[in-house]
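In what follows, a structure is listed as structure tokens, so that the remarks can point back to it.
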Amino acid sequence: MCPGRPGSDLRPSTGSALLQPPAPAMASKAPSPSASASRLDAPVDPPALRPLETVPVVKDIANVIDAFKKQVAADRAIIIRKRIEENRRELAGVTDKIFNSSKQRNDHTNDNITSNGVDLLTKRQEDALGMQNGIDANNGDRDSDNYLEDAHASTAVLLGSSIPVKNAVRPIKLPEVKRLPPYTTWIFLDRNQRMTEDQSVVGRRRIYYDQNGGEALICSDSEEEAIEDEEEKREFLDSEDYILRMTIKELGLSDPVLESLANCLSRSPSEVKARYEVLIKEEKNVGGSKNGDNEETSQTMSSFLDKDLDAALDSFDNLFCRRCLVFDCRLHGCSQDLVLPVDKQPPWSHTNEEIAPCGPLCYRSALKLVKGATVSSPGSGDPEEKSNPSSNGSKSHVLTRKKSASSSDRTRLKQCQSESASSNAKNASESSDSETGPRQDASARVLSPRKTKSAGKGGLRKRNSKRVAERVLVCLRKRQKMMASDSDSIASGSLLSGDMKLRSKLQKENEDAASSSQKKIKSPVIRRPRRKDLTIEESHNLVQGEVPDAPSSEMTIDPPPTNNNDTSKKEEFVDENTCKQELSEDRSWKALEKGLYEKGLEIFGRNSCLIARNLLNGLKTCQEIFQYMNCSENKLICQGGDAANLGEGHPKFDSNGNMVHIEPRRRSRFLRRRGRVRRLKYTWKSAAYHSIRKRITERKDQPCRQYNPCNCQTACGKQCSCLLNGTCCEKYCGCPKSCKNRFRGCHCAKNQCRSRQCPCFAADRECDPDVCRNCWVSCGDGTLGVPSQRGDNYECRNMKLLLKQQQRVLLGKSDVSGWGAFLKNSVSKHEYLGEYTGELISHREADKRGKIYDRENSSFLFNLNDQFVLDAYRKGDKLKFANHSPDPNCYAKVIMVAGDHRVGIFAKERINAGEELFYDYRYEPDRAPAWARKPEAAGSKKEEGAPSSGRAKKLA
Amino acid sequence: MAKTALGCEPVVGSLSSSKKREYRVTNRLQEGKRPLYAVVFNFIDSRYFNVFATVGGNRVTVYQCLEGGVIAVLQSYIDEDKEESFYTVSWACNIDRTPFVVAGGINGIIRIIDAGNEKIHRSFVGHGDSINEIRTQPLKPSLIVSASKDESVRLWNVHTGICILIFAGAGGHRNEVLSVDFHPSDMYRIASCGMDNTVKIWSMKEFWTYVEKSFTWTDLPSKFPTKYVQFPVFIAPVHSNYVDCNRWLGDFVLSKSVDNEIVLWEPKMKEQSPGEGSVDILQKYPVPECDIWFIKFSCDFHYHSIAIGNREGKIFVWELQSSPPVLIAKLSHSQSKSPIRQTAMSFDGSTILSCCEDGTIWRWDVIAASPS
């Protein structure tokens, strides 16, 4: 069996090999242990440079190759010797240590013995030694008799010595301990698991040892199946590279050389040639590669961010199970087909107003600063005018809201003020007069959404906005004077504390806003030395062409502002303007960040706070996202053309001022579809139900079908994989909810899900709260809130597997044979007891495994559906120990739970506490082992012990 | 197994005996009619280095090797269950250093016999089927590990009677486990092999707190939170048939299948991805006529040499740590014809014991130490 070493086989040819040119080069290296290490470093000239005098003869080639092979083998032997020597030295230290500890044990025990008095093993030892020496052997015996119990009286017996032997040592009895019924160590599973690939016995050589026959049997079907030669592409080993290189170096690159090399390495000549070219290239690159390495490492650092979203999500898509909502799902496995539903959920809308800025870099706080700066620009501070600013603000607010001022509004306003006040205080590090400043901001801010909403309403829009603009303008003018100093300080404070990017941005915005709103109140105060990059003139010019009410609209709309393109062209313009200025920043958005942003829009709508916090944390600030959002928005708008198009497909503000972004086309379609589904009545004649019923009737003949979600993007047609497979579409399918092939669940009223009147129950399915209308689940103890109830106040009884509402099952020694499962508490008829879990294996695999299980006469295989068999041999739960009985008290049922088939065990009758559980394995009559046959059928003769062609599997 | 790649060939020992040492039979005794499956010297306690134990049938016997080839019977234990057939025995000791004999067999019950008091100390019930091998942790000799037909390996504390860990499950053995061994220096590591043709290396590093906890456990042993170790750190497909014996040799592993040879190989693990890695087969020690399973080899205390019996009652003694391996001696006796299930080498390798299928124990003593 030992694989021949090439060197030893070819010993006779060694001499001739040494005569060949390679010999000297080799000989210099051969004895040194570092030969192997220096192999790759050896400089090799490209063969082209070597003049090929003659094409070498095949025999010579063989000799050369053999010589190198011998070289490799010698190197190998040296390495092994070195490693074994190293290991030996290490091990010597270890054994010495162990030896010392065993000696210590000795010393300590001696101490103990003096205190304890008795160590019979030592005593026997001494006795034996004494006996052998013939000294006081008998006396010793007598002594021991004297002071020891009878049980300890027996002493050593010498064998093989000349001294006569006593009868025998009296054996000490070890009291019997009942052995357990045999079992294989198994792992508890609370849900089925799909077999992992490496657990398969298919294609493996299996040898079964038959305890009774005392023989080992090979259980794989045939030898060729057992050893499937994998035609994997083997990597070239260092040693192979060495032979390859050296040989070609010596003999040049020619076909016969390649051929014999290929022969020697058992590869194809082309492979060898390709490898040689790679080697040559590598060698050339050795020098230059070092710099490259460094660069690579630095590149890998940010490689994650360089990917786009799809690439970054690749592992997520592969590892996350969208059915179980866990990573690394053991049931559905990795790399499932990605089924994305057509129906998109509406973006998440949060109920509580999150008006408070999400952090120091929130766009809200940034905008406040803008406002402050704007206001401050006139620079004519008038500290005396302390006319109640907040009341002013609220007044203007009330006015603009078309006399719909209510007390609640006011309170809310106050809250907002205080909130923003605090946040402002945070941002503007040192504002001496933080009270008045923020308040004004707040009032202006609260104003705008309201106004926007009203403005959004059709024809009134323009007038409203004008009126509002006027009002606000008046208010602002009044207050601007008194506020100037405060807000100035705020702005400067933030400028100092904020980072460079933010600052420049703020400045630009300030410029814009200031110039647009204050175009007639040009004042040198704005021209602070810090803003030299953008002159007032420029900004002024930009705005010059605008309609007169530009400033007011800018002002009112400012807070959640620029995105709110309320048909006013100037605003757009301003936005565009900022957009241009931000262009450079847009470019800094990486593909991944853009991808994340898109996702964020889908999930949260146009809420930059949430997007920043949840998706782009640490990558982009809220403000940056906000600006990006506006820019991309504006680009769209610019492309879209005039204002008429803006009404649709535009972010809408709900009454709370939160933005709800819905993509226009999608939204309308979604609503339409949803409406239609609602209108659809559940009828027994609907297509889906028909197929189910059909399946139920078919079930007697053939097992149920495994469900795999289809990826139809429209209502399922003839190509739908579910339809072709004969299963219903489930909630995991890609198809829309209106799909005719969907199982629609039940809408049972009180108590009905327990009988066949419930369509779910009748179809051997559990109810699904996602699908059925009235089946709901209450969670926990109610401290987390009760879900909104649907239908009557009734809890569905057909969700026990889903909710794991099982009975306590005990494991014990069966009254019948081996282990048995027992019930802890009594249950009534048809009560769900528990699930029979196990490994999901294919039928082919089950047949293979079954061969051995049948021999052991214990099978834990359970037919699940047309694709899978459950094997509870190594993984399962206690119910796998429930024994077979032709007159059982339980029954098993395959039930579809959320797209998966599972086996539930139910009580067939009332079962009392402590009773053993039995169910009918329902082996297929001709395959059943003798013990499982029905009494009348048992007589039918079938030679026992011989493995039947089909395997015995439990059937539901 | 796939063909060995060029440049990775193992060094195979030559069967021509070097006659470095010569052994001769100094004693032979018939213990009973039933096969003897295991014999082992006590390497745990230096007082008892010349004491050994054998098991066969329902009997555990403790002997002592004396000068001049004399063997003294010190103690004998009989399981009252006549069905019991012990397959393996090992020495261990209590925390107070009382010597224990630990035996297990077909019943799957591990018997902890207090040899210092000549009575049963504990019986470990838990394995679902027969026990094929028990080994003791040399650095902490109250820890034992057992390999069982129930496809699991279990770690026990003989002091407190606790089953600490179960090495089985998703990545575990797929058939009977036939052999297991503690790493000599790395306390966390064990290697096991069995009828699924694989050798698996396990690490209990992550579970070491449980091992420590087991020493101080005062509650009922059954209440101990026994943990499953489901995934080995390394699976070695070295053999293509039953692997019935494996031992650590430093960081290398010695293992044998039914292919008439013992293989020394190095597990090359990838630290980042447990379970993966490659095997480098370093040396092979041919053992002719050793093609039945359940034949176990043994080494002397310092792992200088290794002794293994074969199907025909012959013993091969190899120098273990030389390269290429040297056959020290080939022991044969005209009356020794029965398969030798296990050998035992004494502390310094001067005495070799063999226990045979026919219930005999043979003692071989070295007659002339080699000049080297």
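Values in this text are rule-based calculations from the coordinates and carry no lab data. Owing to the predicted nature of the structure, the values given are computational and were not obtained by experimental measurement. Don't worry about glycine lacking a Cβ; one is built from the backbone with ideal geometry, like all the others, and counts go over all protein chains shown.
Near A:I172, the amide H atoms lying under 5 Å from its own belong to B:S76, B:Y77, B:I78; only residues 5 or more places off or on other chains count, and H is placed 1.01 Å from N. In order along region B:161-166, the Karplus-derived 3J(HN,Hα) couplings, from 6.51 cos²θ - 1.76 cosθ + 1.60 at θ = phi - 60°, round to x, 10, 8, 7, 9, 10 Hz, and Gly and Pro are given as x.
Put a plus charge on the Cβ of each Lys and Arg, a minus charge on the Cβ of each Asp and Glu, and nothing anywhere else: the dipole of chain B about its Cα centre is then about 280 debye.
In chain B, helices alone account for a calculated mean residue ellipticity at 222 nm of -500 deg cm²/dmol, with every DSSP H run of four or more residues adding -39,500 (n - 2.57). A simple packing score, the average count of other Cβ atoms within 10 Å per residue, orders the peptides A:896-902, A:278-284, A:178-184, B:86-92 as B:86-92, A:896-902, A:178-184, A:278-284, with the highest score first. Contact order, relative form, for chain B: 18 percent (alpha carbon pairs under 8 Å, 6 or more residues apart, mean separation divided by residue count).
Look at B:T216, A:T714 and count the other Cβ atoms within 10 Å of each Cβ; fewest to most, that gives B:T216, A:T714.
The 3J(HN,Hα) values that the Karplus relation (6.51, -1.76, 1.60; θ = phi - 60°) gives for region A:797-803 are, in residue order, 9, 10, 9, 6, 5, 4, 8 Hz. Gly and Pro appear as x. Only one residue of B:S273, B:G349, B:P288 has its Cα farthest out toward the positive end of the dipole of region B:270-372, where Lys and Arg carry +1 and Asp and Glu -1 on Cβ, and that residue is B:P288.
Across peptide B:163-173, the average count of Cβ atoms from other chains found within 10 Å of a residue's Cβ is 3. Separation of region B:197-227 from region A:68-96 is 35 Å, based on Cα centroids. With the simple spin-label model, which puts each label point 7 Å out from Cα in the Cβ direction, the B:D219 to A:N617 separation comes to 3.7 nm.
Would you mind ranking B:F167, B:F43 so that the residue whose beta carbon has the fewest other beta carbons within 10 Å leads the list?
Numbers: B:F167 30, B:F43 24.
By the 10 Å Cβ count, ascending, the order reads B:F43, B:F167.
For region B:186-203, 3J(HN,Hα) computed residue by residue from phi via the Karplus equation (6.51, -1.76, 1.60; θ = phi - 60°) reads 8, 5, 7, 10, 9, 10, 9, 8, x, 6, 8, 6, 10, 10, 10, 10, 10, 10 Hz, glycine and proline entered as x.
Taking label positions 7 Å along the Cα-Cβ direction at both A:K59 and A:K813, the computed distance is 8.0 nm, reported to one decimal. Taking amide H atoms as placed 1.01 Å from N in the peptide plane, the amide H of A:V326 lies under 5 Å from those of A:C321, each 5 or more residues away in sequence or on another chain.
When the listed pairs A:K69/A:K284; A:K718/A:K740; A:K97/B:K140 are checked against a 19 Å cut-off, the alpha-carbon distance exceeds it for A:K69/A:K284.
Sorting the segments A:755-765, A:190-200 by their mean number of nearby beta carbons within 10 angstrom, highest to lowest, gives A:755-765, A:190-200.
Within 10 Å of the Cβ of each residue in A:81-92, the mean number of Cβ atoms contributed by other protein chains is 6. Averaged over the residues of peptide B:102-111, the number of Cβ atoms from other protein chains lying within 10 Å of each residue's Cβ is 2.
The peptide list B:187-193, B:58-64, put in order of mean Cβ contacts within 10 Å with the highest first, becomes B:58-64, B:187-193. When each of B:T26, B:T54 is scored by the number of other beta-carbon atoms lying within 10 Å, the sequence from fewest to most is B:T26, B:T54.
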